[in-house]
1. Suppose we filter Glu35, Glu23, Glu59 for residues that are over 12 Å from the mean Cα position of the chain (by Cα) and on the phi > 0 side of the Ramachandran plot; which single one remains?
2. Please name all residue pairs, on different chains or six or more residues apart, with Cβ atoms under 6 Å, provided the first residue is in segment 43-54 and is touching a residue at least 24 places away in the same chain (Cβ under 8 Å) and the second residue is surrounded by fewer than 17 Cβ atoms within 10 Å (Cβ to Cβ).
3. Any idea which residue in segment 3-49 is farthest from Asn68 (Cα to Cα), counting only those that are aromatic (Phe, Trp, Tyr) and either in contact with a Cys (Cβ under 7 Å, 6 or more places away or on another chain) or surrounded by 17 or more Cβ atoms within 10 Å (Cβ to Cβ) (or both)?
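Bear in mind that the values in this text are calculations on the coordinates, not laboratory data. Being a predicted model, the structure only gives us computed values, none of them experimental. Note that each Cβ is placed from the backbone with ideal geometry, even for glycine, and that neighbours are counted across all protein chains shown.
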Amino acid sequence: MAENVEKEILKIISEVSGFDVKEIKPDANFFNDLEVDSIKAIEITVAIEKKFRISVRDEDIPNIMTVNDAVELVNKLLNQGSIPSAKV
């Protein structure tokens with residue numbers, strides 16, 4: 001599952017940034033390496049939320065600096081969503 005998450009995120013980043021998927025490295029910085037500005041960052045976030053049916057909290061967004069950061073956050077959110085709540 002995790003490799004699918006990374007692949008999908010890379011596709012989204014590629015579409016928004018204009019970089020080829022093969023050019024995007026896991027440790028690539030969105031702003032320094034991929035020329036993502038605040039508008040593109042919002043586009044990427046919204047696309048990720050729609051694709052994975054998750055909600056990224058506003059306070060998490062500034063912590064997403066690299067592709068790896070995005071993959072880790074999505075995996076974390078997906079795992080939280082799949083854990084059944086402990087209602088008694």
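1. None of the other options fit; the residue is Glu35.
2. Lys51/Glu8
3. The first filter runs over segment 3-49 and keeps only residues aromatic (Phe, Trp, Tyr), leaving 19, 30-31.
Of the ones still in play, those that are also either in contact with a Cys (Cβ under 7 Å, 6 or more places away or on another chain) or surrounded by 17 or more Cβ atoms within 10 Å (Cβ to Cβ) (or both) are 19, 30.
Values: Phe19: 16, Phe30: 10 Å.
By that ranking, first place goes to Phe19.
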